[in-house]
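The values are calculated or read from the model by the stated rules, or taken from the named source; none is laboratory data. Note that this is a predicted model, so its numbers are computed, not measured. We place every Cβ from the backbone using ideal geometry, glycine too, and count neighbours over all the protein chains shown. Surface areas here come from the heavy atoms of the whole protein model, side chains and all, with no ligands, DNA or RNA. Shrake-Rupley method; radii C 1.70, N 1.55, O 1.52, S 1.80 Å.
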Amino acid sequence: MALPPAEDPRFRTGDLLDRHGRTARDLRVSLTDRCTLRCHYCMPPEGLPWLEDSAVLTDGEIIRLVRLAVTDLGIREVRFTGGEPLLRKGLEDIVAATARLRTPDGRPVRTSLTTNGLGLARRARALAAAGLTRVNVSLDTLRADRFARITRRDRHADVLAGLAAAAEAGLAPVKVNAVLLRGTNDDEAADLLRWALEHGYRLRFIEQMPLDPHGSWQRSDMVTADEILAALQREFTLAAQPGSARGAAPAQTWDVLDAAGARVGDVGVIASVTRPFCGDCDRTRLTADGQVRTCLFSTTETDLRTALRAGADDAALGAAWRAAMWGKLPGHAIDDPSFLHPTRPMSAIGG
Ligand code: SAM
Ligand code: SF4
(Lines give C-alpha, C1' and ligand atoms only; values in the text may rest on other atoms or scores of the structure.)
(Ligands and ions follow the chains in the order given, each with its own letter.)
Protein backbone atom coordinates (compact mmCIF):
# COMPACT_ATOMS: atom_id res chain seq x y z
CA MET A 1 0.00 0.00 0.00
CA ALA A 2 1.43 3.40 -0.99
CA LEU A 3 2.03 6.20 1.48
CA PRO A 4 0.15 9.51 1.18
CA PRO A 5 1.55 11.69 -1.58
CA ALA A 6 4.67 13.50 -0.39
CA GLU A 7 3.29 16.86 -1.51
CA ASP A 8 0.35 16.49 0.92
CA PRO A 9 1.30 18.79 3.84
CA ARG A 10 -0.13 16.27 6.32
CA PHE A 11 2.44 13.75 5.12
CA ARG A 12 5.21 15.60 6.90
CA THR A 13 3.66 15.30 10.34
CA GLY A 14 4.42 11.59 10.69
CA ASP A 15 0.83 10.99 11.81
CA LEU A 16 -1.10 7.86 10.88
CA LEU A 17 -3.37 9.29 8.19
CA ASP A 18 -5.76 7.55 5.87
CA ARG A 19 -7.08 8.50 2.49
CA HIS A 20 -10.54 9.26 3.95
CA GLY A 21 -9.30 12.17 6.07
CA ARG A 22 -8.97 10.42 9.42
CA THR A 23 -5.94 10.46 11.74
CA ALA A 24 -5.30 7.67 14.24
CA ARG A 25 -4.72 8.95 17.79
CA ASP A 26 -5.88 5.92 19.76
CA LEU A 27 -3.84 2.70 19.79
CA ARG A 28 -5.38 -0.59 20.98
CA VAL A 29 -2.74 -3.14 21.90
CA SER A 30 -3.69 -6.78 22.42
CA LEU A 31 -1.33 -8.37 24.93
CA THR A 32 -2.50 -11.97 24.54
CA ASP A 33 -5.17 -13.98 22.73
CA ARG A 34 -5.71 -16.20 25.80
CA CYS A 35 -8.37 -15.69 28.42
CA THR A 36 -9.50 -16.78 31.87
CA LEU A 37 -13.20 -16.79 30.85
CA ARG A 38 -15.06 -18.38 27.96
CA CYS A 39 -17.87 -15.90 27.23
CA HIS A 40 -20.02 -17.87 24.84
CA TYR A 41 -20.35 -14.96 22.38
CA CYS A 42 -16.55 -14.69 22.24
CA MET A 43 -14.89 -18.10 22.72
CA PRO A 44 -15.82 -21.78 22.52
CA PRO A 45 -15.61 -23.81 25.77
CA GLU A 46 -12.35 -25.48 24.75
CA GLY A 47 -10.71 -22.14 23.89
CA LEU A 48 -9.16 -21.39 20.51
CA PRO A 49 -5.96 -22.45 18.76
CA TRP A 50 -3.72 -20.09 20.73
CA LEU A 51 -0.76 -18.24 19.29
CA GLU A 52 2.60 -19.96 19.86
CA ASP A 53 4.60 -18.24 22.61
CA SER A 54 7.34 -17.43 20.09
CA ALA A 55 4.81 -15.59 17.90
CA VAL A 56 3.70 -13.28 20.70
CA LEU A 57 5.60 -10.01 21.05
CA THR A 58 7.85 -9.80 24.10
CA ASP A 59 7.36 -7.01 26.63
CA GLY A 60 10.37 -5.22 25.10
CA GLU A 61 8.96 -5.51 21.57
CA ILE A 62 5.59 -4.15 22.67
CA ILE A 63 7.23 -1.25 24.47
CA ARG A 64 9.32 -0.44 21.40
CA LEU A 65 6.27 -0.31 19.11
CA VAL A 66 4.20 1.69 21.60
CA ARG A 67 7.05 4.18 21.99
CA LEU A 68 7.31 4.51 18.21
CA ALA A 69 3.55 5.08 17.94
CA VAL A 70 3.54 7.79 20.63
CA THR A 71 6.76 9.62 19.83
CA ASP A 72 6.70 9.41 16.01
CA LEU A 73 3.22 8.50 14.79
CA GLY A 74 0.84 10.85 16.62
CA ILE A 75 -0.72 8.37 19.07
CA ARG A 76 -2.06 10.03 22.24
CA GLU A 77 -3.95 7.25 23.96
CA VAL A 78 -2.99 3.60 24.47
CA ARG A 79 -5.46 0.96 25.60
CA PHE A 80 -4.27 -2.53 26.53
CA THR A 81 -6.64 -5.38 25.85
CA GLY A 82 -6.76 -9.01 24.71
CA GLY A 83 -7.83 -11.85 25.24
CA GLU A 84 -7.33 -11.09 28.90
CA PRO A 85 -4.52 -8.55 29.45
CA LEU A 86 -4.22 -9.42 33.16
CA LEU A 87 -2.77 -12.77 32.04
CA ARG A 88 0.31 -10.86 30.97
CA LYS A 89 2.90 -11.01 33.77
CA GLY A 90 4.78 -7.97 32.50
CA LEU A 91 1.65 -5.80 32.33
CA GLU A 92 2.77 -3.41 35.08
CA ASP A 93 6.16 -2.94 33.34
CA ILE A 94 4.50 -2.33 29.97
CA VAL A 95 2.13 0.19 31.55
CA ALA A 96 4.96 1.94 33.38
CA ALA A 97 7.04 2.25 30.21
CA THR A 98 4.01 3.61 28.34
CA ALA A 99 3.11 6.08 31.07
CA ARG A 100 6.63 7.53 30.93
CA LEU A 101 6.23 8.43 27.25
CA ARG A 102 5.46 11.96 26.11
CA THR A 103 3.85 13.04 22.85
CA PRO A 104 5.93 15.36 20.64
CA ASP A 105 4.19 18.37 22.25
CA GLY A 106 5.14 17.12 25.72
CA ARG A 107 1.82 15.68 26.85
CA PRO A 108 1.61 12.43 28.82
CA VAL A 109 -0.04 9.56 26.99
CA ARG A 110 -3.37 8.34 28.38
CA THR A 111 -3.24 4.64 29.30
CA SER A 112 -6.15 2.33 29.93
CA LEU A 113 -7.00 -1.33 30.24
CA THR A 114 -9.99 -3.38 29.09
CA THR A 115 -10.28 -6.44 31.30
CA ASN A 116 -12.68 -9.06 32.55
CA GLY A 117 -11.57 -8.08 36.05
CA LEU A 118 -10.33 -11.50 37.25
CA GLY A 119 -7.26 -10.83 39.39
CA LEU A 120 -7.75 -7.07 39.23
CA ALA A 121 -8.41 -6.95 42.98
CA ARG A 122 -4.79 -8.03 43.54
CA ARG A 123 -3.23 -5.80 40.89
CA ALA A 124 -5.25 -2.59 40.73
CA ARG A 125 -3.00 -0.73 43.15
CA ALA A 126 0.21 -1.75 41.33
CA LEU A 127 -1.30 -0.84 37.98
CA ALA A 128 -2.33 2.58 39.25
CA ALA A 129 1.18 3.06 40.69
CA ALA A 130 2.64 2.08 37.30
CA GLY A 131 0.71 4.96 35.74
CA LEU A 132 -2.45 3.33 34.41
CA THR A 133 -5.07 6.06 34.02
CA ARG A 134 -8.27 4.03 34.00
CA VAL A 135 -9.95 0.68 33.41
CA ASN A 136 -12.95 -0.73 31.59
CA VAL A 137 -14.22 -3.88 33.25
CA SER A 138 -16.58 -6.15 31.35
CA LEU A 139 -19.63 -7.37 33.24
CA ASP A 140 -22.78 -8.47 31.45
CA THR A 141 -24.97 -9.44 34.40
CA LEU A 142 -25.56 -8.79 38.09
CA ARG A 143 -26.60 -12.39 38.70
CA ALA A 144 -23.90 -14.90 39.60
CA ASP A 145 -25.79 -17.83 38.03
CA ARG A 146 -26.19 -15.99 34.74
CA PHE A 147 -22.56 -14.91 34.84
CA ALA A 148 -21.52 -18.56 35.14
CA ARG A 149 -23.73 -19.46 32.16
CA ILE A 150 -22.45 -16.60 29.98
CA THR A 151 -18.75 -16.95 30.82
CA ARG A 152 -18.70 -20.70 31.65
CA ARG A 153 -16.81 -19.85 34.86
CA ASP A 154 -18.17 -19.22 38.37
CA ARG A 155 -16.22 -16.01 39.00
CA HIS A 156 -18.83 -13.26 39.39
CA ALA A 157 -17.59 -12.29 42.86
CA ASP A 158 -14.02 -11.85 41.54
CA VAL A 159 -15.20 -9.33 38.95
CA LEU A 160 -17.09 -7.34 41.58
CA ALA A 161 -13.99 -7.38 43.81
CA GLY A 162 -11.85 -6.23 40.87
CA LEU A 163 -14.20 -3.33 40.19
CA ALA A 164 -14.18 -2.23 43.82
CA ALA A 165 -10.37 -2.44 43.94
CA ALA A 166 -10.04 -0.39 40.76
CA ALA A 167 -12.22 2.38 42.21
CA GLU A 168 -10.30 2.21 45.48
CA ALA A 169 -6.98 2.50 43.62
CA GLY A 170 -8.20 5.65 41.86
CA LEU A 171 -8.42 4.16 38.36
CA ALA A 172 -11.28 6.52 37.68
CA PRO A 173 -13.65 6.78 36.06
CA VAL A 174 -14.17 3.03 36.29
CA LYS A 175 -16.19 2.02 33.26
CA VAL A 176 -18.25 -1.13 32.94
CA ASN A 177 -18.83 -2.71 29.51
CA ALA A 178 -21.94 -4.84 29.09
CA VAL A 179 -23.13 -6.86 26.11
CA LEU A 180 -26.84 -7.72 26.20
CA LEU A 181 -27.79 -11.06 24.69
CA ARG A 182 -31.33 -11.85 23.68
CA GLY A 183 -33.03 -14.30 26.00
CA THR A 184 -30.03 -14.36 28.36
CA ASN A 185 -29.57 -10.98 30.08
CA ASP A 186 -31.58 -8.55 27.92
CA ASP A 187 -33.91 -7.89 30.87
CA GLU A 188 -31.05 -6.37 32.90
CA ALA A 189 -30.43 -3.02 31.18
CA ALA A 190 -32.12 -0.93 33.87
CA ASP A 191 -30.81 -3.05 36.77
CA LEU A 192 -27.26 -2.71 35.48
CA LEU A 193 -27.63 1.06 35.20
CA ARG A 194 -29.13 1.41 38.68
CA TRP A 195 -26.27 -0.65 40.13
CA ALA A 196 -23.62 1.31 38.19
CA LEU A 197 -25.03 4.64 39.38
CA GLU A 198 -25.06 3.41 42.98
CA HIS A 199 -21.39 2.42 42.76
CA GLY A 200 -20.18 5.41 40.74
CA TYR A 201 -19.25 3.25 37.72
CA ARG A 202 -19.87 4.49 34.20
CA LEU A 203 -21.87 1.93 32.26
CA ARG A 204 -21.45 1.38 28.53
CA PHE A 205 -23.58 -1.08 26.60
CA ILE A 206 -21.95 -2.61 23.51
CA GLU A 207 -24.02 -3.96 20.64
CA GLN A 208 -23.00 -7.51 19.89
CA MET A 209 -20.84 -7.59 16.76
CA PRO A 210 -20.18 -10.39 14.24
CA LEU A 211 -16.82 -11.29 15.78
CA ASP A 212 -17.59 -14.64 17.38
CA PRO A 213 -15.34 -17.52 16.33
CA HIS A 214 -18.21 -19.79 15.29
CA GLY A 215 -19.88 -17.27 12.96
CA SER A 216 -23.28 -17.66 14.62
CA TRP A 217 -24.02 -13.93 15.02
CA GLN A 218 -27.35 -12.95 13.46
CA ARG A 219 -28.38 -9.38 13.16
CA SER A 220 -31.97 -10.32 13.98
CA ASP A 221 -30.82 -11.79 17.34
CA MET A 222 -28.77 -8.77 18.33
CA VAL A 223 -30.13 -6.45 21.04
CA THR A 224 -30.02 -3.05 19.34
CA ALA A 225 -29.15 0.36 20.77
CA ASP A 226 -32.78 1.42 20.26
CA GLU A 227 -34.01 -1.50 22.34
CA ILE A 228 -31.48 -0.77 25.09
CA LEU A 229 -32.47 2.89 25.22
CA ALA A 230 -36.17 2.05 25.25
CA ALA A 231 -35.63 -0.32 28.19
CA LEU A 232 -33.66 2.34 30.09
CA GLN A 233 -36.20 5.05 29.38
CA ARG A 234 -38.97 3.00 30.96
CA GLU A 235 -37.20 3.55 34.30
CA PHE A 236 -34.89 6.53 33.88
CA THR A 237 -34.99 10.00 32.42
CA LEU A 238 -32.19 10.30 29.87
CA ALA A 239 -31.03 13.53 28.27
CA ALA A 240 -28.63 13.75 25.35
CA GLN A 241 -25.48 15.39 26.68
CA PRO A 242 -25.25 19.02 25.59
CA GLY A 243 -23.29 19.21 22.35
CA SER A 244 -23.01 15.43 22.47
CA ALA A 245 -21.60 15.10 19.01
CA ARG A 246 -19.79 11.85 19.52
CA GLY A 247 -16.61 12.77 17.68
CA ALA A 248 -14.19 9.87 17.68
CA ALA A 249 -15.64 8.43 20.90
CA PRO A 250 -17.48 5.22 20.08
CA ALA A 251 -20.12 5.60 22.80
CA GLN A 252 -23.08 7.91 22.47
CA THR A 253 -23.72 9.12 25.99
CA TRP A 254 -26.79 10.31 27.82
CA ASP A 255 -27.07 12.07 31.17
CA VAL A 256 -29.26 10.23 33.66
CA LEU A 257 -31.55 12.64 35.53
CA ASP A 258 -33.39 12.19 38.81
CA ALA A 259 -37.02 13.19 39.42
CA ALA A 260 -35.95 16.80 40.08
CA GLY A 261 -34.02 16.94 36.80
CA ALA A 262 -30.60 16.82 38.46
CA ARG A 263 -27.86 14.79 36.79
CA VAL A 264 -26.98 11.62 38.69
CA GLY A 265 -24.60 10.05 36.18
CA ASP A 266 -24.45 8.96 32.58
CA VAL A 267 -24.85 5.93 30.37
CA GLY A 268 -23.37 5.12 26.98
CA VAL A 269 -24.24 2.86 24.11
CA ILE A 270 -21.64 1.69 21.61
CA ALA A 271 -23.80 0.97 18.60
CA SER A 272 -21.16 -0.25 16.18
CA VAL A 273 -23.75 -2.16 14.17
CA THR A 274 -26.84 0.06 14.03
CA ARG A 275 -25.11 3.47 14.32
CA PRO A 276 -21.59 2.94 13.01
CA PHE A 277 -19.05 5.66 13.72
CA CYS A 278 -16.46 4.66 11.13
CA GLY A 279 -16.31 8.16 9.64
CA ASP A 280 -14.88 9.47 12.91
CA CYS A 281 -12.79 6.43 13.86
CA ASP A 282 -9.35 7.36 15.22
CA ARG A 283 -8.11 3.85 16.09
CA THR A 284 -5.24 1.72 15.03
CA ARG A 285 -4.68 -1.77 16.42
CA LEU A 286 -1.69 -3.96 17.21
CA THR A 287 -2.31 -7.67 17.77
CA ALA A 288 -0.39 -9.76 20.32
CA ASP A 289 1.67 -11.22 17.46
CA GLY A 290 2.67 -7.84 16.09
CA GLN A 291 0.22 -7.29 13.25
CA VAL A 292 -1.23 -3.85 12.56
CA ARG A 293 -4.95 -3.82 11.88
CA THR A 294 -6.74 -0.70 10.73
CA CYS A 295 -10.12 -1.91 12.03
CA LEU A 296 -11.67 -4.71 14.12
CA PHE A 297 -13.23 -5.91 10.89
CA SER A 298 -10.14 -5.77 8.69
CA THR A 299 -9.54 -8.77 6.50
CA THR A 300 -5.87 -7.86 6.02
CA GLU A 301 -3.02 -7.17 8.45
CA THR A 302 0.45 -5.66 8.21
CA ASP A 303 3.23 -7.69 9.81
CA LEU A 304 5.50 -5.51 11.97
CA ARG A 305 6.90 -8.43 13.99
CA THR A 306 8.93 -9.92 11.15
CA ALA A 307 10.45 -6.55 10.28
CA LEU A 308 11.10 -5.78 13.95
CA ARG A 309 12.86 -9.11 14.52
CA ALA A 310 14.86 -8.66 11.31
CA GLY A 311 16.33 -5.46 12.76
CA ALA A 312 14.20 -2.80 11.04
CA ASP A 313 14.83 0.71 12.36
CA ASP A 314 12.13 3.07 13.63
CA ALA A 315 11.86 4.83 10.28
CA ALA A 316 11.13 1.57 8.45
CA LEU A 317 8.64 0.37 11.06
CA GLY A 318 6.92 3.77 11.09
CA ALA A 319 6.69 3.78 7.30
CA ALA A 320 5.11 0.31 7.31
CA TRP A 321 2.57 1.36 9.95
CA ARG A 322 1.71 4.56 8.08
CA ALA A 323 1.33 2.68 4.81
CA ALA A 324 -1.05 0.22 6.52
CA MET A 325 -3.20 3.03 7.89
CA TRP A 326 -3.26 4.90 4.59
CA GLY A 327 -5.13 1.88 3.23
CA LYS A 328 -7.82 1.91 5.96
CA LEU A 329 -11.25 1.35 4.43
CA PRO A 330 -13.98 3.96 4.93
CA GLY A 331 -16.18 1.63 7.00
CA HIS A 332 -16.81 -1.91 8.18
CA ALA A 333 -19.97 -2.42 6.07
CA ILE A 334 -21.53 -4.91 8.53
CA ASP A 335 -24.88 -4.03 7.00
CA ASP A 336 -23.71 -4.65 3.44
CA PRO A 337 -24.49 -8.05 1.85
CA SER A 338 -20.85 -8.20 0.74
CA PHE A 339 -19.63 -7.99 4.38
CA LEU A 340 -16.82 -10.46 5.07
CA HIS A 341 -16.17 -11.73 8.60
CA PRO A 342 -12.64 -10.99 9.74
CA THR A 343 -10.41 -14.04 9.81
CA ARG A 344 -9.69 -13.68 13.54
CA PRO A 345 -12.24 -13.57 16.36
CA MET A 346 -12.46 -10.57 18.71
CA SER A 347 -10.31 -12.20 21.40
CA ALA A 348 -7.41 -12.64 18.97
CA ILE A 349 -7.66 -9.11 17.57
CA GLY A 350 -8.05 -7.20 20.81
CA GLY A 351 -11.49 -5.82 21.65
N1 SAM B 1 -11.12 -9.97 28.14
C2 SAM B 1 -11.27 -8.56 28.24
C3 SAM B 1 -12.72 -8.21 28.52
O4 SAM B 1 -13.58 -9.06 28.41
O5 SAM B 1 -12.94 -7.03 28.83
C6 SAM B 1 -10.77 -7.78 27.03
C7 SAM B 1 -11.06 -8.34 25.69
S8 SAM B 1 -12.78 -8.46 25.28
C9 SAM B 1 -12.67 -9.06 23.62
C10 SAM B 1 -13.22 -6.74 25.14
C11 SAM B 1 -14.70 -6.44 25.11
O12 SAM B 1 -15.25 -6.97 23.94
C13 SAM B 1 -15.50 -7.03 26.26
O14 SAM B 1 -16.26 -5.99 26.86
C15 SAM B 1 -16.43 -8.03 25.59
O16 SAM B 1 -17.67 -8.12 26.24
C17 SAM B 1 -16.54 -7.44 24.22
N18 SAM B 1 -16.90 -8.40 23.18
C19 SAM B 1 -16.40 -9.63 22.95
N20 SAM B 1 -17.00 -10.18 21.88
C21 SAM B 1 -17.87 -9.28 21.42
C22 SAM B 1 -18.79 -9.23 20.32
N23 SAM B 1 -18.92 -10.24 19.48
N24 SAM B 1 -19.51 -8.10 20.15
C25 SAM B 1 -19.39 -7.05 21.00
N26 SAM B 1 -18.55 -7.03 22.03
C27 SAM B 1 -17.81 -8.12 22.25
FE1 SF4 C 1 -12.39 -13.48 27.52
FE2 SF4 C 1 -13.11 -10.95 27.20
FE3 SF4 C 1 -13.71 -12.83 25.33
FE4 SF4 C 1 -14.95 -12.93 27.67
S5 SF4 C 1 -15.09 -11.24 26.17
S6 SF4 C 1 -13.99 -14.67 26.60
S7 SF4 C 1 -13.43 -12.21 29.05
S8 SF4 C 1 -11.70 -12.11 25.86
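The table that follows gives values for the structure above.
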{"item": "Protection-proxy order for peptides 127-137, 208-218, each taking the mean of Cβ atoms within 10 Å per residue, highest first", "result": "127-137, 208-218"}
{"item": "Orphan Cys of the chain, criterion: no other Cys C-beta under 4.7 Å", "result": "35, 278, 281, 295"}
{"item": "Only Lys, Arg (+1) and Asp, Glu (-1) charged, at Cβ; the chain dipole about Cα centre in debye", "result": "680 debye"}
{"item": "Prolate/oblate/rounded call for segment 179-282, Cα gyration tensor, a/c under 1.5 rounded", "result": "oblate"}
{"item": "Karplus-derived HN-Hα couplings along segment 127-139 (A = 6.51, B = -1.76, C = 1.60, θ = phi - 60°), whole Hz, x at Gly and Pro", "result": "5, 5, 5, 6, x, 4, 8, 7, 10, 10, 10, 8, 8"}
{"item": "Hz values of 3J(HN,Hα) by residue in segment 108-117 - Karplus curve (6.51, -1.76, 1.60), Gly and Pro given as x", "result": "x, 8, 7, 10, 8, 9, 10, 9, 7, x"}
{"item": "Extension gain from residue 198 to residue 319, taking 0.36 nm per residue of separation minus the Cα-Cα distance", "result": "38.8 nm"}
{"item": "Accessible area in square angstrom per residue, the chain, 1.4 angstrom probe", "result": "42 Å²"}
{"item": "Stretch gain in nm, segment residue 263-residue 235, where the contour uses 0.36 nm per residue and the Cα spacing is subtracted", "result": "8.6 nm"}
{"item": "Simple spin-label estimate for residue 46 and residue 187 in nanometres, 7 Å along Cα-Cβ", "result": "3.5 nm"}
{"item": "Derived scalar couplings ³J(HN,Hα) [segment 229-235; Karplus, 6.51 cos²θ - 1.76 cosθ + 1.60; whole Hz; x for Gly, Pro]", "result": "5, 4, 5, 5, 5, 5, 10"}
{"item": "Under-5 Å amide H pairs with residue 117, H placed in peptide plane, nonlocal only", "result": "138"}
{"item": "Amide H contacts under 5 Å for residue 16, placed H, 5+ residues apart", "result": "24"}
{"item": "Relative compactness, the chain, computed as alpha-carbon Rg over 2.2 N^0.38 Å", "result": "0.97"}
{"item": "With every protein chain in place, segment 203-328: carbon and sulfur % of accessible area (1.4 Å)", "result": "50 percent"}
{"item": "Interchain or long-range residues, amide H under 5 Å from residue 350's placed H", "result": "83"}
{"item": "Positive-end residue, segment 5-349 charge dipole about Cα centroid, Cβ charges, pick of 213, 312, 17", "result": "312"}
{"item": "Ratio Rg/Rh [Cα only; Rh per Kirkwood] for segment 59-185", "result": "1.03"}
{"item": "Mean ellipticity per residue at 222 nm, deg cm²/dmol - from DSSP H runs of n ≥ 4 across the chain, formula -39500 (n - 2.57)", "result": "-8000 deg cm²/dmol"}
